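All remarks here apply to the structure that follows.
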Ligand SMILES: Nc1ncnc2c1ncn2[C@@H]1O[C@H](COP(=O)(O)OP(=O)(O)OP(=O)(O)O)[C@@H](O)[C@H]1O
Ligand SMILES: [Mg+2]
């Protein structure tokens with residue numbers, strides 16, 4: 001993806017990584033039937049980290065981040081999010097889902113609700129926020145993603161880029177401490193990618209802990225403090241963006257980078 | 001245009017011709033006919049055949065309708081009048097039977113001096129469903145909706161006012177217990193609430209009604225179920241069946257998709273069994289078999305029994321219709337609800353069902369219409385449905401022996417009007433939701 005979607009300079013002053021651990025994954029394995037999707041994953045995410053996960057299709061990137069909020073169940077190993085271990089205990093799963101926001105490739109907005117209702121639904125029903133306060137918060141985040149005027153429309157009336165920004169705002173309304181992104185821009189037309197990436201950069205600038213599966217290498221270079229390369233269900237290589245792009249170690253990484261950067 | 005150009009033009013018309021209508025063959029009806037009915041030899045042949053079929057149909061029935069007699073006291077009189085007016089070979093409808101017996105078609109054998117009760121119940125039905133069905137009805141009216149079923153039952157069957165009041169109290173009690181136990185988990189709360197409610201109905205409600213009635217005897221004259229008939233019976237069964245089968249169908253559809261094996265198995269067996277058996281079989285079960293299973297001496301109302309069986313029948317079909325709607329939703333909707341931390345019931349109620357039900361509206365309404373018409377099958381368990389039960393009863397009267405088509409036409413027309421209204425409403429609802437969500 002040589003097209004530059006990021007033009008502005010990124011303010012890194014608030015992007016500090018703290019010592020506190022946000023996500024701890026130890027020796028995690030997952031199977032789909034006989035198929036071993038994730039193998040021996042070890043990953044520690046500090047609070048404030050921005051991690052970009054890349055890798056060829058089918059390498060298990062989506063599966064990995066979906067395990068973090070239990071959209072997928074892992075069979076072996078340990079996942080601890082915000083100090084809470086993911087087990088079959090529904091209470092823990094609920095607690096973790098409240099702290100972890102997720103943005104999907106296909107937005108997954110609720111088409112039968114207005115934008116405002118999409119944003120206030122979870123705060124009202126899950127967090128028990130009073131309705132008025134929920135609306136104020138929703139309008140605040142809609143302004144942040146720069147579409148407050150769309151509040152009363154339905155998702156079907158918005159462009160893809162606007163829908164994805166609404167989806168980000170919807171997650172933020174739950175005041176999550178961690179955000180997961182699964183290819184948030186790959187269903188978008190090129191001219192809309194930038195507006196979504198800008199929103200994500202702003203979020204990073206405010207110090208949000210982020211895990212992004214994306215092929216936007218410009219975004220990785222500008223924002224990430226770590227890039228993880230996955231292949232065949234394993235973490236093959238991880239490094240800071242500068243060294244990752246300029247000095248890849250494994251052959252798989254080099255091959256992948258040459259394909260994706262079009263060299 | 002510049003001058004030089006104007007001069008170089010040989011002729012310019014400077015007076016405009018008035019506009020004229022297009023030639024007759026190019027406008028209006030004639031053009032429409034040519035384009036739509038006679039645009040080729042095949043279409044022309046089909047059009048002519050169609051006209052001939054309509055002619056046959058009309059020529060056959062036109063006279064029958066035209067010769068119709070309203071004022072007569074028996075079928076014999078009808079025939080005499082027709083023969084006098086239109087000649088000995090003329091046939092004609094004897095509407096006089098409808099004129100004389102319309103109240104039986106509508107109310108069955110309900111005591112005429114109490115007709116106001118079913119009429120009032122029917123009118124209040126629209127107050128009860130108004131806030132659910134139409135946007136222009138203020139939402140404040142909705143408090144009446146949950147009370148309506150109890151009020152309607154009381155109006156229709158009569159009896160002590162304490163009956164509906166204390167039955168309603170039972171449900172409220174169950175709800176209060178549910179709320180009180182809710183913090184110990186929803187399954188726990190549901191079980192405890194259900195047990196308290198059932199115990200109340202088994203042991204407390206009967207004595208309480210007697211007690212209160214002894215103290216304050218207020219009530220309406222009782223009307224037995226055997227007095228119900230005609231459209232009163234059909235509409236009572238239809239409305240009761242519709243109101244109960246929709247929630248039951250939703251529960252069954254969710255049950256069929258459940259991860260819990262027991263619930264899933266039960267739902268599948270229930271749906272497949274009920275759909276696999278003719279409704280008449282179920283009605284016979286309602287009228288005969290249930291008596292064997294009930295403790296002797298219990299008087300379990302026949303209309304209630306039939307209503308429960310009709311509900312089960314419709315619920316099985318509705319469950320399958322809704323399952324189709326659920327399957328049509330993209331998986332992303334479930335995932336987004338999960339990721340936001342909504343639990344199963346909230347996700348179903350707020351995200352999944354509103355969308356699945358919207359997709360299922362046409363199928364659900366078809367099921368309702370089918371069920372409403374199927375209520376006429378209760379004639380086989382000795383109830384007086386409007387289509388066969390009541391006409392058979394009327395034919396048993398010597399004066400109307402031999403009357404045949406007139407009741408069918410009359411009852412068929414009323415069924416058509418009611419079902420057509422339901423169908424139009426469903427289209428209106430689909431359009432409204434379409435507009436709202438796009
Ligand atoms: N529900 C499932 N059942 C069986 N196999 C699955 C399931 N979901 C994913 N897989 C398989 O697991 C592997 C990893 O899938 P995953 O979606 O995590 O890949 P990905 O790295 O996100 O790929 P992409 O870039 O195409 O999104 C793939 O081979 C996929 O076919
Ligand atoms: Mg993926």
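What follows is calculated from the coordinates using simple rules that are stated; it is not laboratory data. Note that this is a predicted model, so its numbers are computed, not measured. A quick note on method: Cβ atoms are made from the backbone with ideal geometry, for glycine too, and the neighbour counts reach across all protein chains shown.
Structure data summary
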{"item": "Projected area averaged over orientations for chain A, convex hull of C-alpha atoms, nm²", "result": "14.3 nm²"}
{"item": "The stretch A:140-263 - convex hull of alpha carbons, volume per residue in Å³", "result": "122 Å³"}
{"item": "Per-residue mean of C-beta atoms belonging to partner chains within 10 Å, peptide A:88-98", "result": "2"}
{"item": "Isotropically averaged projected area of the protein assembly as shown, using the convex hull of Cα atoms (one quarter of hull area), nm²", "result": "53.9 nm²"}
{"item": "Fraction of beta bridges assigned by DSSP in the protein assembly as shown that are antiparallel (%, nearest 5)", "result": "55 percent"}
{"item": "Most mobile of A:73, A:191, A:85 in a GNM of chain A (Cα contacts under 10 Å)", "result": "A:191"}
{"item": "Over 20 Å [Cα-Cα, the stretch B:227-433], rounded percent", "result": "64 percent"}
{"item": "Rounded to 10°, Cα long-axis angle of helix B:116-133 versus longest principal axis of chain B", "result": "70 degrees"}
{"item": "Cα principal axis extents for the stretch B:343-402, largest first, Å", "result": "66, 20, 13"}
{"item": "Cα gyration tensor shape for chain B, rounded if a/c is under 1.5, else prolate or oblate", "result": "oblate"}
{"item": "Taking the stretch B:154-197 and dividing mean pair separation by its residue count, relative contact order in percent (alpha carbons under 8 Å, at least six apart)", "result": "33 percent"}
{"item": "Solution diffusion estimate, µm²/s, Stokes-Einstein, the stretch B:28-98, Kirkwood Rh from C-alpha pairs, 20 °C, viscosity 1.002 mPa s", "result": "145 µm²/s"}
{"item": "Average Cα contact separation per residue, chain B, under 8 Å, 6 or more apart, as relative contact order %", "result": "15 percent"}
{"item": "Sequence ranges B:79-86, B:247-254, B:102-109, ranked by mean other-Cβ count within 10 angstrom, highest first", "result": "B:247-254, B:102-109, B:79-86"}
{"item": "Cβ crowding within 10 Å averaged over residues, with B:422-429, B:223-230, A:29-36 ranked highest first", "result": "B:223-230, B:422-429, A:29-36"}
{"item": "Among B:35, B:71, B:320, residue whose mean-square fluctuation peaks in a GNM of chain B (springs only between Cα atoms under 10 Å)", "result": "B:35"}
{"item": "10 Å Cβ neighbours from other chains, averaged over peptide A:166-179", "result": "1"}
{"item": "D (Stokes-Einstein, µm²/s), Kirkwood Cα radius, the stretch B:159-220, 1.306 mPa s at 10 °C", "result": "129 µm²/s"}
{"item": "Ranked by how many other beta carbons lie within 10 Å on average, peptides B:47-56, A:41-50, A:224-233, A:19-28 from highest", "result": "A:224-233, A:41-50, A:19-28, B:47-56"}
{"item": "Percent RCO, i.e. relative contact order, over the stretch B:28-98, from Cα pairs under 8 Å lying at least 6 residues apart", "result": "27 percent"}
{"item": "For q = 0.20, 0.23 Å⁻¹, Debye-computed log10 I/I(0) when each Cα of the stretch B:286-399 counts as one equal scatterer", "result": "-1.03, -1.17"}
{"item": "Rounded Å value of the spacing that divides the Cα centres of the stretch A:136-166 and the stretch B:84-129", "result": "58 Å"}
{"item": "Angle between chain B longest axis and helix B:302-328 axis [Cα atoms, degrees, rounded to 10]", "result": "60 degrees"}
{"item": "Values of log10 I(q)/I(0), in the order q = 0.30 Å⁻¹, for the stretch A:1-65 under a Debye, Cα-only, solvent-free model", "result": "-1.30"}
{"item": "For the protein assembly as shown, calculated [θ]222 nm from helices alone, where every DSSP H run of n ≥ 4 adds -39500 (n - 2.57)", "result": "-18000 deg cm²/dmol"}
{"item": "Cα-based helix-to-principal-axis angle, B:144-157 vs chain B, degrees rounded to 10", "result": "80 degrees"}
{"item": "Peptide A:107-114 - average C-beta neighbours from other chains (10 Å radius)", "result": "6"}
